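The values are calculated or read from the model by the stated rules, or taken from the named source; none is laboratory data. What you see is a predicted model, and the numbers here were worked out from it, not measured in a lab. Virtual Cβ from ideal backbone geometry, glycine too; neighbours counted across all protein chains shown. Ligands, DNA and RNA are stripped out before the accessible areas are found, and what is left, the full protein with its side chains, is counted by its heavy atoms. Shrake-Rupley method; radii C 1.70, N 1.55, O 1.52, S 1.80 Å.
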Amino acid sequence: MIMKVDVLTVHCASVCLSIIHQERFFNLTLDELFDLREPCTKRVGGHLVRMNRPTDRLYIRKLVNSMMQILIFCRSKKLKFEPDEIMEKLQLSFNQIELPPTYH
C-alpha cells in the first residue's frame with residue numbers, strides 16, 4: 001500500500017533523518033536530544049512560512065513532538081528507520097493533529 005504524504009511530512013522526515021544520521025546520534029543523552037527541539041521547531045516553523053501555512057505555536061509543537069517521539073524511539077532502540085518508515089509514522093501521527101482554525 002502506498003501512503004499519500006504531505007510535503008510537510010517529507011520536510012519533517014528529512015529533519016529527523018538528518019539528525020538520526022549524525023555520527024554521534026546514538027550517544028546523545030536524552031537532555032541533548034531534547035535540546036534539538038528548538039532547532040526542529042525553527043525548521044518546521046520556517047517551512048510552514050515558506051508554504052504559506054499557519055504557524056500556530058501549538059500546532060508546530062505537536063508536529064515537533066511527533067518528530068521527537070521518533071527520534072527518542074530510534075535512539076533508545078539503536079534503530080535507523082528507512083525514510084519511508086519515518087514518513088509513514090509521521091504522516092499517521094500528523095493525521096491525528098487538529099489543524100489550526102486558520103487552516104480550514
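What's the number of the condition Arg75 fails, among (1) part of a helix (DSSP H, G or I); (2) basic (Lys, Arg); (3) open to solvent by 60 Å² or more (accessible area, probe 1.4 Å)?
Status for Arg75: all satisfied but (3).
So, in region 48-64, of the ones that are open to solvent by 60 Å² or more (accessible area, probe 1.4 Å) and out of contact with any Leu (no Cβ under 7 Å at 6 or more places or on another chain), which residue ends up nearest to Ile97 (Cα to Cα)?
Checked region 48-64; the qualifying residue nearest to Ile97 (Cα to Cα) is Lys62.
Tally the residues that are loosely packed, with under 14 Cβ neighbours inside 10 Å and within 18 Å of Ser14 (Cβ to Cβ), restricting the search to region 91-102.
Counting residues in region 91-102 that are loosely packed, with under 14 Cβ neighbours inside 10 Å and within 18 Å of Ser14 (Cβ to Cβ) gives 1.
How about region 78-90: which of its residues are touching a residue at least 12 places away in the same chain (Cβ under 8 Å), assigned to a helix (DSSP H, G or I) and open to solvent by 50 Å² or more (accessible area, probe 1.4 Å)?
Pro83, Glu88, Lys89, listed by residue number.
Failed condition for Leu8, given (1) touching a His at 6+ places or on another chain (Cβ under 8 Å); (2) open to solvent by 70 Å² or more (accessible area, probe 1.4 Å); (3) within 16 Å of Leu99 (Cα to Cα), with all others met?
In the conditions (1) touching a His at 6+ places or on another chain (Cβ under 8 Å); (2) open to solvent by 70 Å² or more (accessible area, probe 1.4 Å); (3) within 16 Å of Leu99 (Cα to Cα), Leu8 misses (2) alone.
Which of the residues belonging to region 27-47 are touching a residue at least 24 places away in the same chain (Cβ under 8 Å) and either open to solvent by less than 50 Å² (accessible area, probe 1.4 Å) or not aromatic (Phe, Trp, Tyr) (or both)?
Leu28, Leu30, Leu33, Leu36, Arg37, Cys40, Arg43, Val44, His47
Testing Ser18 on (1) outside any helix (DSSP H, G or I); (2) exposed (fewer than 13 other Cβ atoms within 10 Å of the Cβ); (3) not charged (D, E, K, R), one condition comes back false. Which one is that?
(1)
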